1. Mind listing whichever residues of the range 114-140 are among the charged types (D, E, K, R) and in contact (Cβ under 8 Å) with a residue 12 or more places away in the chain?
2. Would you check if D74 is over 29 Å from Q160 (Cβ atoms), touching a helix residue (DSSP H, G or I) at 6+ places or on another chain (Cβ under 7 Å) and among the acidic types (D, E)?
3. Keeping to the range 218-240, report how many residues are assigned to a helix (DSSP H, G or I) and in contact (Cβ under 8 Å) with a residue 60 or more places away in the chain.
4. Do any residues in the range 177-200 that are surrounded by fewer than 16 Cβ atoms within 10 Å (Cβ to Cβ) have Cβ atoms under 8 Å from those of residues that are small (G, A, S) and in a loop (DSSP other than H, G, I, E, B), where the two are at least six apart or on different chains, and which pairs are they?
5. From L198, L259, L240, L206, grab the single residue that is within 21 Å of M173 (Cβ to Cβ) and touching a His at 6+ places or on another chain (Cβ under 6 Å).
6. For D204, are the conditions met, namely being assigned to a strand (DSSP E or B), acidic (D, E) and touching a residue at least 12 places away in the same chain (Cβ under 8 Å)?
7. Of the residues that make up the range 125-146, is at least one more than 24 Å from K19 (Cβ to Cβ), more than 18 Å from the chain's Cα centre (by Cα) and not in a helix (DSSP H, G or I)?
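Each value in this text was obtained by applying a stated rule to the coordinates, not by laboratory testing. Everything numeric here is computed off the predicted structure, so don't read it as measured data. Cβ placement follows ideal geometry from the backbone for every residue including glycine, while neighbour counts extend to all protein chains displayed.
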Amino acid sequence: MIKLLALDLDGTVLDSQGKVPEANRLAIRAAEDAGVLVTIATGRRFRDARHVGQHLELNAPLITHNGALLKFADSLQTVEASLLATDVALEIVRVGKKYGGDALVSADPHGKGTMIYDRVSHDNEPLQKYILWAETMHGNEAEEAVHHVSSLEDALPDHQVIHISFSGGCDAMAKLEALLRTELGDTVTLLATIYPKLDFTLLDILPSHASKGVGVRKLAERHGIEHEGVMAIGDNFNDLEMLEYAGTPVVMGNADRRLLERAGVHQTADNNSAGVAEAIRRFILER
């Protein structure tokens, strides 16, 4: 029996227009009415995921920053926060810049969250678009949500850092990921979210003990739920650990074929066909 449902956001709950299909919203509500705890498990920053959690009226804290932060959307109560030590954060920025990366630092675990950066390379169009999207999305709170500083090295000691990310074209980020893994080793967790059709990769660097899988496990343990009672739905490689942890792992039809071909996973429809709703009906409502 499913007791906890963990849902990825982009490419899973959201369609290609960034909207929640009504069928998904209704199915999530039906699952909650059936007694299931429902959460979002996303690589997004809390501030960028909060409005979706509020729209869906979820009954559990959101698992954000790829599992580093568990926090309630409405009350802003922080349940769990895994932070990067200042010396580790400074080393990540140093190594990333050494190889030409533009760093985005996510901080403020006990508030709505803020994103800090000091430079954007002129040829890093994906990052330029992302910062513009974030500023536009948060409207009157844009200055608080996205903050430019003259030097990350000078600013970091004054902030509690949740995670640091680098983004860009797929080939460039694959090379940067390999270099970061060589230099940083197992002192951190590196997660790549890859969008081949957009030629865009997001590299997230988290505390060594953080991942979506760990975040889902922590939430399950808080409610006395064994992994057999957990269902997870995702579409990308940063979902892999929570899919492996869940007793019922479901992969979206729009996922990379390497995920779809993994043994033991179930497949549902794609994100533009309300695949989440289909999976909820199949594994929760019709059982």
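1. So in the range 114-140, the residues among the charged types (D, E, K, R) come out as 118-119, 123, 125, 129, 135.
Within the range 114-140, D118, R119 meet the criteria.
2. Working: over 29 Å from Q160 (Cβ atoms): no; touching a helix residue (DSSP H, G or I) at 6+ places or on another chain (Cβ under 7 Å): yes; among the acidic types (D, E): yes.
Spelling it out, it is not the case that D74 is over 29 Å from Q160 (Cβ atoms), touching a helix residue (DSSP H, G or I) at 6+ places or on another chain (Cβ under 7 Å) and among the acidic types (D, E).
3. If we filter the range 218-240 for residues that are assigned to a helix (DSSP H, G or I), which is where we start, we get 218-222, 227-229, 237-240.
Then keep just the ones that are in contact (Cβ under 8 Å) with a residue 60 or more places away in the chain; that gives 218-220, 222, 229, 238-239.
The total comes to 7.
4. D186/S208; T187/S208; D199/G169
5. On the way: L198 fails: touching a His at 6+ places or on another chain (Cβ under 6 Å); L259 fails: touching a His at 6+ places or on another chain (Cβ under 6 Å); L240 fails: touching a His at 6+ places or on another chain (Cβ under 6 Å).
So the residue among L198, L259, L240, L206 that is within 21 Å of M173 (Cβ to Cβ) and touching a His at 6+ places or on another chain (Cβ under 6 Å) is L206.
6. Working: assigned to a strand (DSSP E or B): yes; acidic (D, E): yes; touching a residue at least 12 places away in the same chain (Cβ under 8 Å): yes.
In short, yes.
7. no
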